[in-house]
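Take a look at the structure below.
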Amino acid sequence: SRDYSAPVNFISAGLKKSGAEEVSEEESDGDEKPVKQEEPREVLPKRLKTGGNFKPSQKGFVGGTKSFVDFGSWERHTKGIGQKLLQKMGYVPGRGLGKNAQGIINPIEAKQRKGKGAVGAYGSERTSQSLQDFPVVDSEEEAEEEFQKELSQWRKDPSGGKKKPKYSYKTVEELKAKGRINKKLSAPQKEISQVKVIDMTGREQKVYYSYSQISHKHNIPDDSPQQPLGKDAKPQGFSLPELEHNLQLLIDITEQEIIQSDRQLQYERDMVVNLSHEIQKMSELLSHEEKAISNLSKVLEMVEECERRMQPSCEDPLSLEECARIFETLQDKYYEEYRMSDRVDLAVAIVYPLMKDYFKNWDPLKDCTYGTEMIAKWKSLLENDQLLSHSGQDLSTDAFHRLMWEIWMPYVRNIVAQWQPRNCGSMVDFLDSWVNVVPVWILDNILDQLIFPKLQKEVENWNPLTDTVPIHSWIHPWLPLMQARLEPLYSPIRNKLANALQKWHPSDSSAKLILQPWKDVFTPGSWEAFMVKNIVPKLGMCLNELIINPHQQHMDAFYWVIDWEGMISVSSLVGLLEKHFFPKWLQVLCSWLSNSPNYEEITKWYLGWKSMFSDQVLAHPSIKEKFNEALDIMNRAVSSSVGGYMQPGARENIAYLTHTERRKDFQYEAMQERREAENMAQRGIGAAATSVPMNFKDLIQTKAEEHNIVFMPVIGKRHEGKQLYTFGRIVIYIDRGVVFVQGEKTWVPTSLQSLIDMAK
């Protein structure tokens, strides 16, 4: 029998010999001299120039079933052009396919598993011919390295020994880094790591207590029978799963101990840092407390010194000024301790007795400023900064307020009880000098509970017909201090004044002297109502008694009425004039014009009466309309007397008068509009919207636009060289600031307002 344990050599693949050569060789075998046969040399894989390799594992290797050289050789017997197309694309016969000649001829073969286990249960699933057996070679250096690696698999180890196992090590630093990363393990991960796992993939059922134990699962040994150890047979390897498991468990425990130790060390280091910070804070707090104790000791010494000097038996008694200096020292040098201390009890014990002694001989009405500087100093020392108002004030929370209420306030009550309201000067001066020192709620108490009842009682006893002292002389001085508190007094004052005016006549000017100071005190509505009810009817009766006589005019009644112009409103005065004056005045003018009058006297009479009114009254549209009506009457009288006798120059005088008065009205309106524009410009309103017309024509055009009236020149039409215009349906012309309207026979001057009324 053959010895199969001997080394096997590769069979030489030489050229086939002819039959004659074989016979000669057989004959030579019978010779006496044996012929030494050449051993076939080991054939190595050849490296192609393109980078591809012939590997013994490939079936295209020489001695195999097929070679790359014979690839596509059958095409020579056909008419195909596949080989030509491959050569055009860069293929070189005898090399592999692809850019680097790494292509294979045969497809990848499948491999059958030994058992019915899952994928990978019996080792690697790769076949002998896999894509990994034919790596892509990108360069000659990589190809050489791959070639040497493959070659080393076919050579024996020169040392003849077994390969040493390779071990992987983990340093302590790596374990620490791993522990820091996995330090915070979430609750779901902990539950998964402790889950029970049953492994039924093998021959026997196994139970694991975490998924991590599956990674330590041992390979199932092959079912093939073990070969007996022969004489020359080599011993087979064996596995110890229990030992491996125990070793792995020890390694894991050691790793966990290292990680836990590192965490504990980091915790201790953090604790050292925290304790060092705590020590620093405690030392700072200790120094602060020691300083506070020292300051409190000094404050206590100063307070005890004050109490000692307040004893009756002390030779050097403490004064209020010295006590104030001590409190200033406490506030400046020991501010925190001073603010934290109970200043109310301290002030009650030390300051109050000194304050009573300071004010024991004080008369507020004689010396109203006595003690203001001293009290102002104590206010800065004792008043609580957080006290902003007296609402809900508790006297036990603020030492200064309690001091003023218990020490200062009794003196004020005694003085007010003896005070006469009509002698208001001294009391007003006293409260004015103390208004910035006394707390607000104490001042309100004085005004509401002490002063106001006295004034109210005095107003009830006041009689405007018998009292020689006007009431405003002892009420108005209280306005800056009391302001709206005096409102309840105004209604009885108005009632008493109204009763006194029932039998009053406008010729008595004393009523105006009594009422004039109250004009700005009463509200505008109440003042106007009082005037309309009590004064205006009396003035209307006075105007009714006025007799208008151009030849012998008595103006007293008119002066009595006009004298109240600043007291009553302009509208009330205009209403009086329209109702009681202008009807009689226009009637006298008409009767005078119908008796061949002297127009110069009429002109002077007209101007004289107009000069009796102020500009504010003349600017009122109703008054302006009445005077314009008088001008129209005079112009009609001059125009209508054509056949009769007329004074020479009368028509020109009346026209000139009309022209002058129209120009004055225009100038006054322009001035008023200019003032309004300036006021509006000061308030920030654009001047473009409130621009004043430059001339009388622009004013007429502006008024026409405001009333939607067409104002345009008449083409080719003139009168005495003046351009004619259409103002609505009326034809007008403008001469030296006066508008002339075309009448039945002549052109009549008119006012701008009358022109607008006619155009509508």
Counting only heavy atoms of the protein chains, get the accessible area per residue of the stretch 519-591 (1.4 Å probe) and round it to a whole Å² value.
49
Nearest 0.05, what FRET efficiency do THR171 and TYR335 give at R0 = 41 Å with Cβ-Cβ as r?
0.10
Rg to Rh ratio, the stretch 432-541, alpha-carbon atoms and Kirkwood radius?
1.04
Using 0.36 nm times the number of residues separating ASP698 and ASP563, minus their current alpha carbon distance, what extension gain do you get?
44.8 nm
Treat each spin label as a single point 7 Å out from the Cα along the C-beta direction, and report the ILE81 to SER319 distance in nm.
13.6
Multiply the residue gap between SER473 and GLN723 by 0.36 nm, knock off their C-alpha separation, and tell me the result in nm, one decimal place.
83.5 nm
With label points set 7 Å from each Cα along the Cα-to-Cβ direction at GLN552 and ASN463, the distance between them in nm comes to 4.4
Given the alpha-carbon gyration tensor of the stretch 533-578, what are the semi-axes of its equivalent ellipsoid in whole angstrom, ordered largest first, with each equal to the square root of 5 times an eigenvalue?
20, 10, 9
Protection-proxy order for peptides 573-584, 485-496, each taking the mean of Cβ atoms within 10 Å per residue, highest first
573-584, 485-496
Tally up the carbon and sulfur contribution to the accessible surface of the stretch 696-759 as a whole percent, 1.4 Å probe, everything protein left in place.
48
Taking a probe of 1.4 Å and leaving out DNA, RNA and ligands, the stretch 696-759 shows per residue an accessible area in Å² of 59
Hand me the GluC sites (Glu not before Pro) from the stretch 268-340 located in a DSSP loop with no more than 14 other Cβ atoms within 10 Å, in residue order please.
GLU315
Using alpha-carbon pairs under 8 Å, 6+ residues apart, how would you state the relative contact order of the stretch 696-759 in percent?
22
Counting only protein heavy atoms and a 1.4 Å probe, tell me what percentage of the stretch 504-684's accessible area is made up of carbon and sulfur.
53
Under the 7 Å Cα-to-Cβ spin-label approximation, GLU744 and GLN483 lie apart by a distance in nanometres of 6.8
Going by average Cβ density within 10 Å per residue, which order do the peptides 252-263, 405-416 take, highest to lowest?
405-416, 252-263
What is the gain in length, in nm to one decimal, between TYR352 and ALA500 on full extension, counting 0.36 nm per residue of separation less the C-alpha to C-alpha distance?
47.9 nm
Give the shape of the stretch 504-684 as rounded, prolate or oblate, defined through the alpha-carbon gyration tensor: a ≥ b ≥ c are the square roots of its eigenvalues, a/c under 1.5 means rounded, and otherwise the shape is prolate if a/b is larger than b/c and oblate if not.
oblate
Summed side-chain charge close to GLN456 - residues other than GLN456 whose Cβ falls under 12 Å, Lys, Arg +1, Asp, Glu -1
-1
Packing-based ranking, highest mean first, of 449-455, 702-708 given that Cβ atoms within 10 Å are counted
449-455, 702-708
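The values are calculated or read from the model by the stated rules, or taken from the named source; none is laboratory data. Computed from a predicted model, the values in this text were never measured in an experiment. FYI the Cβ positions are ideal-geometry reconstructions off the backbone, even for glycines, and counts take in every protein chain you see. SASA here: full protein model, heavy atoms, side chains in, ligands and nucleic acids out. Shrake-Rupley method; radii C 1.70, N 1.55, O 1.52, S 1.80 Å.
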